[in-house]
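Q: The structure follows.
The values are calculated or read from the model by the stated rules, or taken from the named source; none is laboratory data. What you see is a predicted model, and the numbers here were worked out from it, not measured in a lab. Methodologically, a virtual Cβ is constructed for each residue, glycine included, from the backbone with ideal geometry; neighbour enumeration extends over all protein chains shown. Surface accessibility is based on the protein's heavy atoms, side chains included, excluding ligands, DNA and RNA. Shrake-Rupley method; radii C 1.70, N 1.55, O 1.52, S 1.80 Å.
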2 protein chains.
Amino acid sequence: MLSLHQLTCFLAAYEHRSLTRAAEELGYAQPSVSEQIRNLEKSLGVPLFRRVGRGVVPTTAADTFRPHAEKVLAAADDAQRAVTSIKSFETGTIRFGMFGVARLYGGAGLVADVLERYPGVRVELVGRHSRDVQEDLRRGRLEAAMIAVAGLASEGMAVTPIARDELVYISADPERLKAPVTAKRLADATLVMPESTYRDVDSARIVLRRMLHEAGLNPKTRIEVEDVETAVELVGRGLADSVTQKGVAVQLLPRLAPKAGWVPLRPRVYDTLAIVHRAGATLSPAARLMIELATQRIQAIIPPA
Amino acid sequence: MLSLHQLTCFLAAYEHRSLTRAAEELGYAQPSVSEQIRNLEKSLGVPLFRRVGRGVVPTTAADTFRPHAEKVLAAADDAQRAVTSIKSFETGTIRFGMFGVARLYGGAGLVADVLERYPGVRVELVGRHSRDVQEDLRRGRLEAAMIAVAGLASEGMAVTPIARDELVYISADPERLKAPVTAKRLADATLVMPESTYRDVDSARIVLRRMLHEAGLNPKTRIEVEDVETAVELVGRGLADSVTQKGVAVQLLPRLAPKAGWVPLRPRVYDTLAIVHRAGATLSPAARLMIELATQRIQAIIPPA
DNA sequence: CATATGCATAGGCATCACCTATGGATCAGA
DNA sequence: TCTGATCCATAGGTGATGCCTATGCATATG
């Protein structure tokens, strides 16, 4: 079986035309190098050196073999360097899970942060929705993620809360923003809600359902849309009201629904943003980097949990 | 320490996304592959797979590492193939020692034989004179050679006689070719001899000196030249006579000295052509090939020893 | 001819690669 | 929800391998 070590010994011996000299260079005893060369010759089936009393002389087979051996070692070096540069974020890909509305909390800025600090890296922010991200985490396709969690209990996962994002009521009707919105008023409102595909598993929905359920009420949503922007725009046109994360309201209302405003719920309810990864896993430097940066950004917008 | 074996295991595991499957493909037990991967990760300092309950999932580091690993193994394959093709004479260099006048015995045809049978090989016929060739053999720069030897004794060398090349007297004067030339007549003749640089070690000279010495005579050479062709031309012009190998006479006289002819010496003396290599050495296939072909060619011209 | 140099061999020790057996975690199906 | 199957990790044992020191043999050098 060919080995890199044999190639190293071969090249040293070839260059020095001496096993003893090669052994010195490599820091081994002479018989060790001798053995490596012998094994290499055996596995190749061709003598590489003629033992001529004092010193060794490469055969033409060795002449032919040498550039190939050098290429192999160079490739091996390359491979190691590639990984080393990953460790120091000089290159490689950083894949991090984030829920869909993460971009509203500065997802683009987060990516920019990473790219600026580490010009060589690729960044992937994956996961349209917390639900998908959780699935990816469970399957091991993702190492870590920042997602919204309704409850803190998640099977086999380590969940580290980062921030509490309050859910607020948004409306284009100033009348409805004069006082905090109770469960009863919420149940009576005409609501547009995003994440229609994930209506059953969306953490904001779960929190709201829980709130209404405690008041003995059933939620009924008038309009279901897929993305938050659309929901906010509909609110801006006065076609419906909605409930969304305060961070989202702050980010989107001025742009998409200038006439609309927001008011807290009563009682106040919160969505929890958390770092999630498999319980017991040792996080890679890349993951830790993303967690640190993402946490900073989030907490700059909404208060820590 | 990085090893090719680790890379093989890594690639198998990467492709199958399973250590068990990789082990099956490679014909090992599962823990063996597991250990190789673990060692590879340790030596790289980066985890390559996330162990996720059932199965393993490559990290982005593994994604980056994979093409490099493939390149290393491909280069290693190349290296081995290169040597294999040397063994079967598909490529590589065949270096063989031959004395200077070998070309007169079909040296060019010998090279042509090799090139025709093995289109990929390079051929080197080295050694201007037997003396140089012997030195190269002694130093290990040559594996084997066909040379002219005066005596059969050569320190530490295995000498296999191939052919006996008779030394003959050549002259442009028909009178001097009527009868075999004795030592006495030889001592009286005006002679031109080649190989002036090697006059002391040239085997033909040695044989002649021996012959004259036994007759109580001293050799005196009128003209010294370096190459055989010049000597033969001078004979052709009648300026001197010479002694040369019968094979040379047959090859060169018609071309360079049409009016000259040759006659045996009395007693007859012979130069010996022999295969020479270091005693106890195992000859490579390339060397054996050259020996076989060279022997055929020589024996087609002059009788076997 | 004596000495120095360089490779091969022998013998011993530590490490490594591989094996089997087993335990823990997860996934699929009853 | 429980059970069996699957898959990885760990443990412990065995043989091979790598490396060492000591030594012998051949060759080059003064």
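Q: Quick check on region B:50-64. Is at least one of its residues over 21 Å from A:LEU44 (Cβ atoms), within 16 Å of DNA strand D (Cβ to nearest atom), more than 9 Å from chain A (Cβ to nearest Cβ) and not hydrophobic (A, V, I, L, M, F, W, C)?
A: Within region B:50-64, one or more residues are over 21 Å from A:LEU44 (Cβ atoms), within 16 Å of DNA strand D (Cβ to nearest atom), more than 9 Å from chain A (Cβ to nearest Cβ) and not hydrophobic (A, V, I, L, M, F, W, C).
Q: Can you tell which of A:THR272, A:THR295 is in contact (Cβ under 8 Å) with a residue 40 or more places away in the chain and closer than 23 Å to A:ASP113 by Cβ?
A: Going through A:THR272, A:THR295 in turn, the sole match is A:THR295.
Q: Restricting region A:166-208 to residues that are of a type in the set (Lys, Arg) and touching a residue at least 12 places away in the same chain (Cβ under 8 Å), which is most open to solvent (accessible area, probe 1.4 Å)?
A: If we take residues in region A:166-208 being of a type in the set (Lys, Arg) and touching a residue at least 12 places away in the same chain (Cβ under 8 Å), then A:LYS178 is most open to solvent (accessible area, probe 1.4 Å).
Q: At pLDDT 85 or above, open to solvent by 20 Å² or more (accessible area, probe 1.4 Å) and in contact with a helix residue (DSSP H, G or I) (Cβ under 6 Å, 6 or more places away or on another chain) - does that describe any residue in region A:252-264?
A: For region A:252-264, residues at pLDDT 85 or above, open to solvent by 20 Å² or more (accessible area, probe 1.4 Å) and in contact with a helix residue (DSSP H, G or I) (Cβ under 6 Å, 6 or more places away or on another chain): present.
Q: State which residue is farthest from DNA strand C (Cβ to nearest atom) when the search covers only region A:256-301 and only residues that are more than 14 Å from every other protein chain (Cβ to nearest Cβ) and of a type in the set (D, E, K, R).
A: Looking at residues that are more than 14 Å from every other protein chain (Cβ to nearest Cβ) and of a type in the set (D, E, K, R), I get A:LYS259.
Q: OK, next. Return the residue satisfying two criteria in turn: it lies in region A:81-94 and is part of a helix (DSSP H, G or I) and facing another protein chain (nearest Cβ under 8 Å), and of such residues it is most open to solvent (accessible area, probe 1.4 Å).
A: Checking each candidate, the answer is A:LYS87.
Here is a yes/no grid of residues against (1) assigned to a helix (DSSP H, G or I); (2) touching a helix residue (DSSP H, G or I) at 6+ places or on another chain (Cβ under 7 Å); (3) among the acidic types (Asp, Glu):
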site	(1), (2), (3)
B:LEU11	yes, yes, no
B:THR20	yes, yes, no
B:TYR28	no, no, no
B:ASP63	yes, no, yes
B:ALA79	yes, yes, no
B:PHE96	no, yes, no
B:GLY109	yes, yes, no
B:ALA112	yes, no, no
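Q: Is it true that A:LEU26 is at pLDDT 90 or above, within 13 Å of another protein chain (Cβ to nearest Cβ) and more than 9 Å from DNA strand C (Cβ to nearest atom)?
A: no
Q: Of the residues in region B:62-80, how many are open to solvent by 50 Å² or more (accessible area, probe 1.4 Å) and in contact with a strand residue (DSSP E or B) (Cβ under 9 Å, 6 or more places away or on another chain)?
A: Total meeting the criteria: 2.
Q: Across region A:38-61, what is the number of residues that are open to solvent by less than 30 Å² (accessible area, probe 1.4 Å) and either more than 13 Å from DNA strand C (Cβ to nearest atom) or free of Cβ contacts under 8 Å to residues at least 40 places away in the same chain (or both)?
A: 10
Q: With B:ARG17, B:ARG38 as the choices, which residue is of a type outside the set (Gly, Ala, Ser), on the phi < 0 side of the Ramachandran plot and in the same structural domain as B:GLU70 (by TED's automatic domain parsing)?
A: Just one listed residue meets the conditions, B:ARG38.
Q: Which residue pairs have Cβ atoms under 9 Å apart, sit 6 or more places apart or on different chains, and have a first residue in region A:1-28 that is open to solvent by 20 Å² or more (accessible area, probe 1.4 Å) and a second that is among the aromatic types (Phe, Trp, Tyr) and away from DNA strand D (no atom under 11 Å from the Cβ)?
A: Going by the 9 Å Cβ cut-off, the qualifying pairs are A:TYR14/A:PHE49; A:TYR14/A:PHE65; A:ARG17/A:PHE49; A:LEU19/A:PHE49.
Q: Between residues in region A:244-257 that are touching a residue at least 60 places away in the same chain (Cβ under 8 Å) and assigned by TED's automatic domain parsing to the domain that holds A:TYR169 and residues that are open to solvent by 70 Å² or more (accessible area, probe 1.4 Å) and not in a loop (DSSP other than H, G, I, E, B), which pairs lie under 6 Å by C-beta distance while being six or more apart or on different chains?
A: Hits for this filter: A:ALA249/A:TRP262.
Q: Quick check, is B:ALA158 surrounded by fewer than 19 Cβ atoms within 10 Å (Cβ to Cβ), among the hydrophobic types (A, V, I, L, M, F, W, C) and farther than 20 Å from B:THR272 by Cα?
A: Considered against the rule, which asks whether it is surrounded by fewer than 19 Cβ atoms within 10 Å (Cβ to Cβ), among the hydrophobic types (A, V, I, L, M, F, W, C) and farther than 20 Å from B:THR272 by Cα, B:ALA158 comes out as no.
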